[in-house]
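The values are calculated or read from the model by the stated rules, or taken from the named source; none is laboratory data. What you see is a predicted model; the values in this text were computed from it and never measured. Here the Cβ is made from the backbone with ideal geometry for all residues, glycine too, and neighbour counts use every protein chain on show. Side chains are part of the model used for accessible areas, which takes the heavy atoms of the whole protein and leaves out ligands, DNA and RNA. Shrake-Rupley method; radii C 1.70, N 1.55, O 1.52, S 1.80 Å.
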Amino acid sequence: MSFERLWEELRPLGRADSGGYRRFTWTPADLDARAWFADTARGLGLDVEVDRNGNQWAWWGSGGDAVVTGSHLDSVPDGGAFDGPLGVVSSLSAVALLKARGVAPGRPLAVVNFVEEEGARFGVPCLGSRLLTGAVAPSRAQDLRDSDGVTWAEAMTGADLDATRLGADPERLARIGTFVELHVEQGRGLVDANAPVGVASAIWPHGRWRFEFAGEANHAGTTRLADRRDPMLTFAETVLGAREQASLAGALATFGRVSVEPNGTNAIASLVRAWLDSRAPDASALARVVQGVTELAAERGDRDGVKVTVTPESETPVVEFNADLRDEVAGLAGGAPILPTGAGHDAGVLSAHVPTAMLFVRNPTGVSHAPGEYAGPDDCLAGVEALTTVLEHLVTR
């Protein structure tokens, strides 16, 4: 049950021709990864269960005040190998090490695989942890649709799970005394710090907004420019405006997902849907960016004869991780550097309910959500050792 063995077992599952991964929730690739998690956890002597929202739990011991670790196994389209899976594999490896060292936990210990963390299939990130904590209503989750029109409820039912039981799980949440998530760093902070492992201080506020630009379909070869109501023009100006607004606010703004109707080469589009992802150091900067982009889109839409509608899909406030736990984890990790991140995590959702900390493992490429994402073997092992040390301290103190 070494890290290397577990990593090699998981690595082929859901790998695409691009070299990245397409593990979308409830698809065959995701189900294969979930089966691997369950089999591996049972091989470690852990009790495996699936909660009402589809999250997988592997328990060592029972009762409350549990120490929980883990991450997620789903991916963004053509995402890297490490985002999520590194945390799950490291957590299982840490349990194997604790058992091999004869550690007798005084508190229950669990490894969790959260479902739909990326939001790549159904649009809402950290959906499994948001449902667990009651941050997302079950009715909303059941009705979420993927790009093919399949609802969350239909997909979950297809995975032989009961979608009618979705919702907040206060009893399970009350069992968690501490949550620690290990994750590959999604940036170059640890490269600059020359450190293999770091600890998170905070997560920037961030969110997703769906922009719809409704124009009029027409013939690309016969419709005069002056007669067009082309939503692609409004969308294009909005993309440029988002970059400018983010730059002015010291923030980030990205339109990375777009759908076009009717999507014909020789047809003017009738509708463009595009999703804005924005993140900022503080809530006021984030609000300025989103408001600025929304106003710019509406103004340009008026000129182009295009109706613009903006719908918030998710928004997460700034997360400040528990300071005492953060400092304790950093000390146990050998004085690891403490740094913020702009990426969202299930740990950020849970932090509003239980003491939570995050460990980062160095990413020498600085690339994430793409095949170039990487963590070296020695750094991965350093992450496992740091996590093992933290977990041993927490379950035996």
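Pairs please, first residue from segment 134-145 and closer than 12 Å to Val124 by Cα and open to solvent by less than 50 Å² (accessible area, probe 1.4 Å), second anywhere and in a helix (DSSP H, G or I) and among the charged types (D, E, K, R), Cβ atoms under 7 Å, 6+ apart in sequence or on different chains. Going by the 7 Å Cβ cut-off, the qualifying pairs are Val136/Arg130. Across segment 12-38, the number of residues qualifying as touching a strand residue (DSSP E or B) at 6+ places or on another chain (Cβ under 9 Å) and open to solvent by 70 Å² or more (accessible area, probe 1.4 Å) comes to 2. Looking at Ala333, Ala347, Ala352, which is the one that is closer than 22 Å to Leu73 by Cβ and touching a residue at least 24 places away in the same chain (Cβ under 8 Å)? Only one candidate qualifies: Ala347. A count restricted to segment 163-187 and to residues that are in contact with a strand residue (DSSP E or B) (Cβ under 7 Å, 6 or more places away or on another chain) and under 21 Å from Trp59 (Cα atoms) stands at 9. Figure legend. Inter-residue proximity from segment 158-178: first residues farther than 15 Å from Val112 by Cα, second residues in a loop (DSSP other than H, G, I, E, B) and of a type outside the set (Phe, Trp, Tyr), beta-carbon distance below 6 Å, spacing 6+ or different chains. Indicated pairs: Leu161/Gly54; Arg165/Arg52; Leu166/Asn53; Ala168/Gly134. Residue-level check: of (1) under 23 Å from His183 (Cα atoms); (2) open to solvent by less than 50 Å² (accessible area, probe 1.4 Å), Ala285 misses just (1). When segment 196-210 is filtered for residues that are in contact with a Leu (Cβ under 6 Å, 6 or more places away or on another chain) and within 18 Å of Ala253 (Cα to Cα), the ones remaining, listed by number, are Pro205, Trp209.
Looking at segment 149-169 only, could you name the residues that are of a type in the set (A, V, I, L, M, F, W, C) and either open to solvent by 40 Å² or more (accessible area, probe 1.4 Å) or more than 18 Å from Arg121 (Cα to Cα) (or both)? Once the filter is applied, which keeps residues that are of a type in the set (A, V, I, L, M, F, W, C) and either open to solvent by 40 Å² or more (accessible area, probe 1.4 Å) or more than 18 Å from Arg121 (Cα to Cα) (or both), segment 149-169 yields Val150, Leu161, Ala168.
Contact map, segment 200-229: residues that are within 30 Å of Pro355 (Cα to Cα) and open to solvent by 20 Å² or more (accessible area, probe 1.4 Å) paired with residues that are basic (Lys, Arg) and part of a helix (DSSP H, G or I), Cβ distance under 8 Å, separation 6+ or inter-chain. Pairs shown: Ser201/Arg326. Within segment 88-127, being farther than 22 Å from Arg140 by Cβ, charged (D, E, K, R) and touching a Gly at 6+ places or on another chain (Cβ under 7 Å) holds for one residue alone: Arg107.
Among the residues of segment 76-105, those identified as open to solvent by 10 Å² or more (accessible area, probe 1.4 Å), closer than 22 Å to Val48 by Cβ and not hydrophobic (A, V, I, L, M, F, W, C) are Lys99, Pro105. Annotation note: of Ser71, Ser18, Ser62, Ser2, the sole residue that is in contact (Cβ under 8 Å) with a residue 12 or more places away in the chain, closer than 18 Å to Glu117 by Cα and not acidic (Asp, Glu) is Ser71.
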